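I have placed the structure first, in the form of structure tokens, so that the comments after it can refer back to it.
Derivation of every value follows stated rules applied to the coordinates shown; laboratory data play no part. Here the structure is a predicted model, which means the values were calculated and not measured. Here the Cβ is made from the backbone with ideal geometry for all residues, glycine too, and neighbour counts use every protein chain on show.
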Amino acid sequence: MSAPFPLEPTAAEAQRAIAEEFAFFGDWSERYQYLIDLGRKLPDFPETWKTEEHRLHGCQSMVWIVPSGDASQLEFAAASDSAIVSGLVFLALRVYSGRSAAEILATEPDYVAAIGLGKHLSPTRSNGLAALLAFIRDHARSVS
């Protein structure tokens with residue numbers, strides 16, 4: 001799979017870049033639109049991967065995630081059937097995909113609070129985002 005991530009050299013720099021980008025927007029309707037735009041930038045996700053085996057449970061929307069790599073570099077491919085959730089997936093992959101298991105485990109998802117997602121996502125989307133982040137960390141823990 002061709003890996004567009006990481007975009008930044010470290011997870012910390014990715015989180016800082018995300019916070020800076022979201023700071024440009026004055027209101028949440030603009031931020032939601034930006035999330036939708038980011039979701040459209042997710043790499044193609046093969047239809048054959050959209051199986052129960054790869055489905056992330058805990059999300060109201062359909063989300064599929066496929067990890068690859070080893071402790072030195074983990075890649076995550078993911079997709080969702082929801083435009084906003086696809087944007088949330090993009091942000092998580094931007095921070096964590098293409099990183100070592102150690103870096104993933106050492107990096108709390110501070111960007112979630114930094115851009116105000118916790119306050120502006122519905123409870124079901126918040127739970128789904130938490131499930132996605134937990135999956136990434138659990139996978140990193142399992143290979144380290």
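Quick look at the values:
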{"quantity": "Contour excess over end-to-end distance, with Cα ends at E20 and H120 and 0.36 nm allotted per residue", "calculated": "34.2 nm"}
{"quantity": "Local net charge near A131, Cβ-Cβ under 13 Å (Lys/Arg +1, Asp/Glu -1)", "calculated": "+2"}
{"quantity": "Amide hydrogen neighbours beyond the local backbone of G116, cut-off 5 Å, H modeled", "calculated": "none"}
{"quantity": "Nonlocal amide H pairs with Q73, under 5 Å, H built at 1.01 Å", "calculated": "A101"}
{"quantity": "DSSP-loop trypsin sites (Lys or Arg not before Pro) across segment 1-61, with at most 12 other Cβ within 10 angstrom", "calculated": "R40, K41"}
{"quantity": "Residue-by-residue Karplus 3J(HN,Hα) for segment 30-38, coefficients 6.51, -1.76, 1.60, Hz, glycine and proline x", "calculated": "5, 5, 4, 4, 5, 4, 4, 4, 5"}
